[in-house]
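Right, one structure below, let's go through it.
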Amino acid sequence: MTKWTPKHEAPAPLEGDVVATITGGTIAWFVLFLVQLPFYGWFRDHGHLWWLGTCLAGAGLGLIGIWYVRTREAAIRRTQDGSSPGT
């Protein structure tokens, strides 16, 4: 097992606009759902109705993700503001 043990430190995590990323992904899933909706009959007839469900689930989970990352960002901001008043 020592063969697979990393010999260097892991890189620092990338920080970016997480809220915008999650929001963009959520919008993409919802747009995909709306684009496929007119073809509901074709999807049903060919056994691909799960595609619509996947897009709708992606949009729904994205809404939860937006709430989560906004709450996380607010908590990080509160911690940074409250822990270092002198700097």
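A short reminder: the numbers here are calculations on the coordinates, not readings from a lab. The structure presented is a predicted model; accordingly, all values stated were derived computationally and were not measured. Cβ sites come from the backbone with ideal geometry, for glycine too, and all protein chains shown count toward neighbours.
Which of the following residues is among the small types (Gly, Ala, Ser) and either surrounded by 14 or more Cβ atoms within 10 Å (Cβ to Cβ) or under 28 Å from ALA74 (Cβ atoms) (or both): GLY41, GLY53, GLY25, GLY47? Before the answer, list the steps.
Working: GLY41 fails: either surrounded by 14 or more Cβ atoms within 10 Å (Cβ to Cβ) or under 28 Å from ALA74 (Cβ atoms) (or both); GLY53 fails: either surrounded by 14 or more Cβ atoms within 10 Å (Cβ to Cβ) or under 28 Å from ALA74 (Cβ atoms) (or both); GLY47 fails: either surrounded by 14 or more Cβ atoms within 10 Å (Cβ to Cβ) or under 28 Å from ALA74 (Cβ atoms) (or both).
Of the residues listed, the single one that is among the small types (Gly, Ala, Ser) and either surrounded by 14 or more Cβ atoms within 10 Å (Cβ to Cβ) or under 28 Å from ALA74 (Cβ atoms) (or both) is GLY25.
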field: region 3-51, residues that are over 30 Å from ARG70 (Cβ atoms) and polar (S, T, N, Q)
entry: THR5
query: Just wondering, is there one or more residues in region 1-15 that are surrounded by 10 or more Cβ atoms within 10 Å (Cβ to Cβ) and among the charged types (D, E, K, R)?
result: no
